Structures are given as structure tokens and as C-alpha cells.
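Input: a single structure, listed below in C-alpha cells.
Each reported figure results from applying straightforward, stated rules to the coordinates on display, with no laboratory input. For clarity, every value in this text was computed on a predicted model and none was experimentally measured. Heads up, the Cβs are rebuilt from the backbone with ideal geometry, glycines too, and the neighbour counts pull from every protein chain shown.
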Ligand SMILES: [Zn+2]
Ligand SMILES: [Zn+2]
């Protein structure tokens, strides 16, 4: 990543969006690290609807934990995730509050900050800045509170073309009552009949929060110099110490330690301080993306390459399929597995018994990072293996613990079933007993127990495994190598090594 790249990115950003002033250099760097494309803005016709959905989601999310809440601005997977999470929290007798108040730099939704297009869908990111407070409480437990200035990113998926049928009416084939298509998304309200229908886009399919690094709006040069100056109280004594040590132990090689030498070293250190500043600043960016250096650097380095790799490989197998669509679907499926109390009945899970690994998870947030390690085609199937980075909050009985966790996920889907954006609706009926139930939520008929036909046009999860810290090894070696090179460069500039 050179500064030229960054400037281009920023110029394009300024042209494309009147909200360019919301992006600090640092945030642009984070976006760069995530490998985000900087395409031109798409056609505007459906934009107001998308903006409305993004704004509605932020509002609905605050109340998602209230009994009976349905987050209708979310797609059906994400909606079900939130439902299961609400149930999990209630079952553990926890009191949970999730507050978002407009942050210091808040403007009502920065929609279409970045967007991607595939054959049928338009995926965009909507960003808002909030003061986010989360609390968990229960008698006899240490209360948990986390308050942080954050940016909320929402992935909004929309069809690129196609008619809006949500206000069309439909006659329930079971009870004959007439409802709008929109009202039928969660089934017929009169008789409970469930329908298999196309998603009524636009919908929010994924969301995540990042620490808001606002207040650092300086240009890069200024930032680097600032970071360099911060390093001086440590670097000057260090460099002078090295010089003093050399001249005292080997005066015949270096000459004696004179005030002139002292001045030379102090000035030299100040001169190379922007270099040290640049290095420190790079680190702070990864840290901002992952909140801490330890958790941010690894994903930042591996995700940037993943997007390109995924799109290059997938374009040959299933044309027009973006990494954004993939990672948001996998995140939802992962969360459903984590929050489900009956994993064997999940229609999209084909993996082994996970045991109690996720039983105490009370919150699980996508971190914004997903890497893609392997793509393999076998017959009519394509299999993708990747690392999903999530911020997991667990209920440990006497206290609540929140930490970054990494899961290796193997997912697959058929390649011979085309995706279509044409609207369709059909009553879901058990093949054995004729009862209607939501086959998206459960594999087996709740009335007679027989298994329903699995969906053939969506991703199936074959494996979920805690990846520990293994993903860090490669990036760590790269960072260490860069560190060593910069140190060597700095030392040879000062003539300490020749
Ligand atoms: Zn009905
Ligand atoms: Zn049945």
C-alpha cells in the first residue's frame, strides 16, 4: 500500500460521495486493508428505500431483545439470529440492554459508503457513528458494562432490478384470508401457515461495530510526525546511550564521546523520527481495526488478499458472486449455530456435534473480518474454507467475558442451481402429514417428525472449529521481518552498523 494508492482512493471517495469528510485518513487505511473496491456510485433509483431500511435497522436493533420483537428490516437469517439470541439471553435469566445514541460526529446514516455489484444484487455498506453501551446484569453476578464510541456498519443487500411486490395482496391458500406479501414474511397471521418466499429486498444482511477512531483527522504527514515526536522521549536516550556505550568500550574505533557527538545523535534521531512515526502509525491502524494490535494485525493482513482470491476463483465457478454476500451469509449461519439449542435440526448444518462450545454465548458480533483460505470444486459442489473473526460474549456464571475468537468454517453449496431474483411464494407443506411449518428454521416437521427437503440453492455448513491463534503465525512473521528491516535501516542511517 503506497501513499499514492491511498490518495487515489481518497480522491475517488471524494468524488463519489458528498460525505467524504467523514473518512479520516486512518479509516481509509482500514478500508484499504480490508481490500474494499472504490467503484463509482450505482444507479440511484432504489437508494432511498435502502437508506430507509438501514435507518430502520439501527432503530429496530435497539429493541431486538424485547419479547416478541421481530427485526423486519433484517433478512430472514439475521432476523432468526436475533430471535434465537433473545431466547438464549432470556433462558439464562440475564437482563440485557443495548443502547445506541448518536455519536459526536453523527449524521443520519452514511449510506452507500462502499458498494459491490454481482449479477442480481447490489450490496452496500451503510455507516453510522454511535455511542454504544451494552450491559448484562443478573442477581449474584458482577454486572457487565461496555461503553465505547463506535461506528456501526450495516450490509444492505438489494436487487438490482425487479418489481417491488411487498404491497401486493395474496390470498392464503389455507384459510383464505387476504394479506399483503410484506405481512406474510413471518407466516399467515390468521392460521399460521408458513411460506417459502423470495426475500423482500432491500434488507440488512449483516452488521458490525468498530471502535470509532475519530478525533484523528490530521493529514498523514502530520500524523506521522506526531507519532515520531511521541517516540522521541524513548528513542533519544536509547540512541545516545548506544553512542555513549560504543565510545566508552571502543574509543579507538569510534573516537571519544564529545558534546558534538551528542548533538549529532540527538539531531539524527529527530531526523529519522518520521520513519519511526510511520511504523508506529501503521500499527495503530491495524489496532484501530481490531481494537488491539494483537487481534487486528492478523485479520487485516489476511482479509485483504482473501477478497481478491475469492472473487478470482469463484468467478470461474459461479460467476457474479461477491465476497460480501458470502461473508455476510456465513456470519449469519455461524450465529444461528452458536445460538441454537437444537443444532441437529438446523437445515443448513451438516457438521458434527459441537458439544457445549457455544452454550454460554450471549452475544456474538461479526468483527468485520473474514478470510478465505481454500476454494475447492467437487462435482456439483463448491467448498470454501475460511476463518471468521467474531467478538464473542460469554456468560461464565459469576461474570460476563467478551473476547475476539476465530473459527475455521467449511461451507459448501451446489453450483448447478441458478439463483434468481424473480419473486416467488409457495406454501410450505410437510410431504408426510401436510402440516405447514417454517422449514428454514427447522429440518424436521414439528408435527410428524419427518425430514423436509433441504434447500438446494444456499450454503450449507460442514465444519465449525475454533482456530485458536494459528491464523496469526504468518502475519506475525511478516510484521517481525518489517520491524527488523526498519530497525536495521534506522541504525545504518545513524552509522551504528556499517
Ligand atoms: Zn392463513
Ligand atoms: Zn409432518
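What the table shows:
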read-out	value
Gyration tensor verdict on region 142-200 (Cα atoms; rounded if a/c is under 1.5, prolate if a/b is larger than b/c, oblate otherwise)	oblate
FRET efficiency for residue 70 and residue 482, using Cβ-Cβ distance with R0 set to 51 Å, rounded to 0.05	0.55
Highest-first arrangement of 406-412, 484-490, 269-275, where packing means the average Cβ count within 10 Å	406-412, 269-275, 484-490
Length-normalised contact order of region 121-217 in % [C-alpha pairs under 8 Å, at least 6 apart]	29 percent
Cα-based convex hull, region 170-264, per residue volume (Å³, whole number)	231 Å³
Cα gyration tensor category, rounded, prolate or oblate, for region 355-481 with a/c compared to 1.5	oblate
Linear extension gain, residue 435 paired with residue 175, 0.36 nm per residue minus alpha-carbon span	92.3 nm
Relative packing of 377-388, 175-186, which averages over residues the other C-beta atoms within 10 Å, highest first	377-388, 175-186
